[in-house]
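So the structure is just underneath, and the comments pick up after that.
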Amino acid sequence: GSLLDGKPGSLLSGNQQLMLSSAVYGMEDRLDQIHGLLTGYGYQVWNSHKGSLPVVPGLSAFDTCLAAVDACDIFFGIIRPQYGSGVAAAGENSITHRELSRAIELGKPRFFVADAVVVNARRLLMDLGHKGPAGRADLKLAKGAKLIDDLRVIDMYEEAIQDAIPVADRTNNWVQTYGDRDDILRYVEEQFDRYEDLEALVKKASPAAAGDPTV
């Protein structure tokens, strides 16, 4: 079970718990606005930047974030040209990347937006013959690279669109491209200002709705 098993889910508390996941640096003002919008729509928003992420004493920052992904009802991920902090050791993914991967692994109801810079960087590398993580494995960004700061932001995008899965088998793989950060606010308004619809989606996806006595 989740490390937050002691914290009631939305089916008990009456509030949908929404995880807002993003690299923070340079995004602080927009995260404040997004958090405010989502809270106004009725969601209980979990976000590390705002200090609203449930902290589990005794756990690492990585495990606390993953526990929140486990326990949330809806996951909203922002894929930016900045990869984010929290890389514990060489070769390990950032906290934001691991949150995204965990949400997909668990099949959480999820929404993603991705910066057009990430999408276009991926397209350019594909056009140059570097397709997928394997095709990019031998590439290395120059120190101080400006367009994207880590090739793994492209890995995150490809995970979100389920690029490695046959097209016919992909589900919940829509990723909205944004050109500026105001586009994100418009997306939030369009997608999340329908609390009752998403509440029904969460209940349908929940084991409790299927009669699971363990929930």
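Laboratory data are not the source of any read-out in this text; all were calculated from the coordinates shown. For clarity, every value in this text was computed on a predicted model and none was experimentally measured. So basically every Cβ, Gly included, is an ideal-geometry build from the backbone, and we count neighbours across all protein chains shown.
Shown for segment 66-215 is the translational diffusion coefficient from the Stokes-Einstein equation, using the Kirkwood radius over Cα pairs, a temperature of 10 °C and a viscosity of 1.306 mPa s: 94 µm²/s. Ordered by the count of other Cβ atoms within 10 Å of each Cβ, fewest first, Met126, Met27, Met156 give Met126, Met27, Met156. What the Kirkwood sum gives for segment 22-106 is a hydrodynamic radius of 13.5 Å, with every pair of different alpha carbons counted.
Mean silhouette area of segment 101-180, derived from the convex hull of its C-alpha atoms and averaged over all directions, reads 6.1 nm². Relative to the Cα centre, the charge distribution of the chain, modelled as +1 at Lys and Arg Cβ and -1 at Asp and Glu Cβ, gives a dipole magnitude of about 380 debye. Residues whose amide H comes within less than 5 Å of that of Asn173, counting only those at least five positions distant or on another chain, are absent (H built at 1.01 Å from N in the peptide plane).
Computed over the chain, relative contact order equals 21 percent, with contacts defined as Cα pairs under 8 Å that lie 6+ residues apart. Counting charges near Thr39 (Lys, Arg +1; Asp, Glu -1) among other residues having Cβ under 14 Å from its Cβ returns a value of -2. Along the axis of the charge dipole computed for the chain (Cβ charges of +1 for Lys and Arg, -1 for Asp and Glu, origin at the Cα centre), the listed residues Leu20, Ala200, Ala145 are led at the positive end by Ala145.
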